[in-house]
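Written out below as structure tokens is the structure these notes cover.
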DNA sequence: GTATCTGCAAAACATTTGCAATTCT
DNA sequence: AGAATTGCAAATGTTTTGCAGATAC
């Protein structure tokens, strides 16, 4: 991924593009692996030796606040992050714990109001056994 | 709620009905307020002065394992619990933080397999501003 | 030079665990 | 007595916070 792209994305969303922030964003976009803070730390602290977890926490919080990433909290102690923010669903395998993106417009649930509540976000996730774990048997 | 009902529910699911377990189950069923462990502790430790949080944790874990309750983990540090286990959706108000039950069969998403993954559970939740918070303005 | 960003260490907080005390049959 | 249940205190692990040092403009 071109570092200029991540730089532009950050600037568009009003976040100053520091080296750390760019690297973290590029990691999220390239890997699409719904990483935890710890995974990000392990995977890129080689490239940026001084990187601290505090910075990763700060950065991800800023990303979520500015609509660059979303936090995924599916029955886990650790929060996972996803740089794909448009409407899509997730699938979590109960065996391996992996999370998969499911391309599905969650707006199929098309109501705007529900029992008088105004809906602004729809979240949809599935649980089951993933393709790979089925083969492993 | 008749204590005999909670007693029977527990026995049907293979859990020995102790006083503590019955009280916690009755609380969940009567209040339907998606409480955290802490809320349960605050609300019923008056009735059962010796009650400890450890017991509440143990009890809720047993309930979830035996299909008596489900854990709700919507973007919060603390896990919330719900004794309604049939398919229904949740709505979380981003202002007051309350969680509402939405009577909706989540099986409207009727697929059994998705990208080769076998689906066993469907979870659906909405976020927005609840009826009450709209009025408060 | 001032504001922002970063990193360390400590604090905070929910949950789990080990083990001893209690209760129930 | 024997087995299950409960409760306390300590441990665990993630996230937050305070503050000092580094960096950028």
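The values are calculated or read from the model by the stated rules, or taken from the named source; none is laboratory data. Since this is a predicted model, take the numbers as computed values, not measurements. A quick note on method: Cβ atoms are made from the backbone with ideal geometry, for glycine too, and the neighbour counts reach across all protein chains shown.
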| request: Could you please find all residues in the range B:1-32 being without any contact (Cβ under 8 Å) to a residue 40 or more places away in the chain and part of a loop (DSSP other than H, G, I, E, B)? | output: B:1, B:2, B:16, B:17, B:18
| said: If residue A:27 satisfies all but one of (1) at positive phi; (2) away from DNA strand D (no atom under 15 Å from the Cβ), what's the number of the condition it fails? | reply: (1)
| request: Check whether at least one residue in the range A:62-70 is touching a helix residue (DSSP H, G or I) at 6+ places or on another chain (Cβ under 6 Å), within 14 Å of DNA strand C (Cβ to nearest atom) and not assigned by TED's automatic domain parsing to the domain that holds residue A:101, and report yes or no. | output: no
| So which of B:61, B:54 ends up being assigned to a helix (DSSP H, G or I) and either within 8 Å of DNA strand D (Cβ to nearest atom) or within 11 Å of the chain's Cα centre (by Cα) (or both)? | B:54
| request: Might you check whether a residue that is in contact with a helix residue (DSSP H, G or I) (Cβ under 6 Å, 6 or more places away or on another chain) and either within 12 Å of DNA strand D (Cβ to nearest atom) or farther than 24 Å from residue A:131 by Cα (or both) occurs anywhere in the range A:84-91? | output: no
| message | Can you say whether residue A:90 is crowded, with 17+ Cβ neighbours inside 10 Å and within 22 Å of residue B:72 (Cβ to Cβ), as far as the supplied structure shows? | response | yes
| request: Would you check if there is a residue in the range A:48-69 being in contact with a strand residue (DSSP E or B) (Cβ under 7 Å, 6 or more places away or on another chain) and without any contact (Cβ under 8 Å) to a residue 40 or more places away in the chain? | output: yes
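Yes/no matrix, rows are residues, columns are (1) within 28 Å of residue B:89 (Cα to Cα); (2) within 11 Å of DNA strand C (Cβ to nearest atom):
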| position | (1), (2) |
| --- | --- |
| B:5 | yes, no |
| B:20 | no, yes |
| B:33 | yes, no |
| B:36 | yes, yes |
| B:41 | yes, yes |
| B:50 | no, yes |
